[in-house]
Amino acid sequence: MGTLALVLFGYLVGSIPTAYVAGRVLKGLDLREYGSGTVSGTGVYYHVARWAIVPVGLLDIAKAALPTWLGLRLGLGPAAAVLGGLAAAVGHVWPLYLGFRGGRGVSPFLGTLLVVFPWGFPWLLVAMAVGRMAHATGVGTLLGIALLPFLASAAGRPVEVTSGCLAMLALTVIKRLEANRSPLPADPEARRQVLLNRLLLDRDTASWEAWMLRKPPA
């Protein structure tokens, strides 16, 4: 019962759409209608206010760090702690309060890692930074998450942590392909290309500018 309560708590806390709230409060806009359509710090940075990415990012990290820490603090064990953090990530990605259209989940992953696998935190940040410098943030992030299970195993982390890292990879792949239920092209070849772009680049188009800087029709 304790683990189930922690998972429910994690999901509800993770569902709090901090980026969406920032967009509404600071600019009066719905981030789901801008850029990639994800409710994320990236959307806040490019469409709301650059400074706002700091508090939004920290809160999104804390949303997962809190239930993960509580799992350990309450003596529920590493499995419950990881499940609490993953539940927050699921809430962030598919938030109850926004019709299940949310962010990518990277910030909650960082919050979970901060508690159960601290070395995974800077690793994922570096992977994202290297990807950004190479103008391929989506690829860098995907590779960083894909290697987390191997790093956790090599570092001697409990199997629950390694399994949690695998779950992070699965959530990332599902979220990228699902893309907040964005429609796919009718043409089979175009559909395959869009799905490949989503998986590797985390966007539908080859052009980053055409995707991230989109705005709703006037």
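The values are calculated or read from the model by the stated rules, or taken from the named source; none is laboratory data. All figures in this text were calculated on a predicted structure; none of them were measured in a lab. Virtual Cβ from ideal backbone geometry, glycine too; neighbours counted across all protein chains shown. The protein model used for the area step is the full one, side chains on, heavy atoms only, and it has no ligands, DNA or RNA in it. Shrake-Rupley method; radii C 1.70, N 1.55, O 1.52, S 1.80 Å.
Below, the figures for the structure above:
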read-out	value
Verdict on Asp187 being in contact with a Lys or Arg (Cβ under 7 Å, 6 or more places away or on another chain) and at pLDDT below 95	no
Residues satisfying the stated conditions in segment 164-218, i.e. in a loop (DSSP other than H, G, I, E, B), closer than 18 Å to Ala134 by Cα and in contact with a helix residue (DSSP H, G or I) (Cβ under 7 Å, 6 or more places away or on another chain)	Asp202, Arg203, Thr205, Ala206
Whichever residue in segment 44-69 is of a type outside the set (D, E, K, R) and under 13 Å from Val106 (Cβ atoms) and, among such residues, is most open to solvent (accessible area, probe 1.4 Å)	Ile53
Boolean, Ala19 is under 15 Å from the mean Cα position of the chain (by Cα), touching a residue at least 40 places away in the same chain (Cβ under 8 Å) and surrounded by fewer than 20 Cβ atoms within 10 Å (Cβ to Cβ)	no
Qualifying residue in segment 144-153 (condition: closer than 27 Å to His47 by Cα and either without any contact (Cβ under 8 Å) to a residue 12 or more places away in the chain or surrounded by 14 or more Cβ atoms within 10 Å (Cβ to Cβ) (or both))	yes
Residue within segment 63-73 that is part of a helix (DSSP H, G or I), out of contact with any strand residue (DSSP E or B) (no Cβ under 7 Å at 6 or more places or on another chain) and closer than 20 Å to Asp202 by Cβ present	yes
Residue match in segment 81-95 (condition: part of a helix (DSSP H, G or I), touching a helix residue (DSSP H, G or I) at 6+ places or on another chain (Cβ under 8 Å), at pLDDT below 95 and aliphatic (A, V, I, L, M))	no
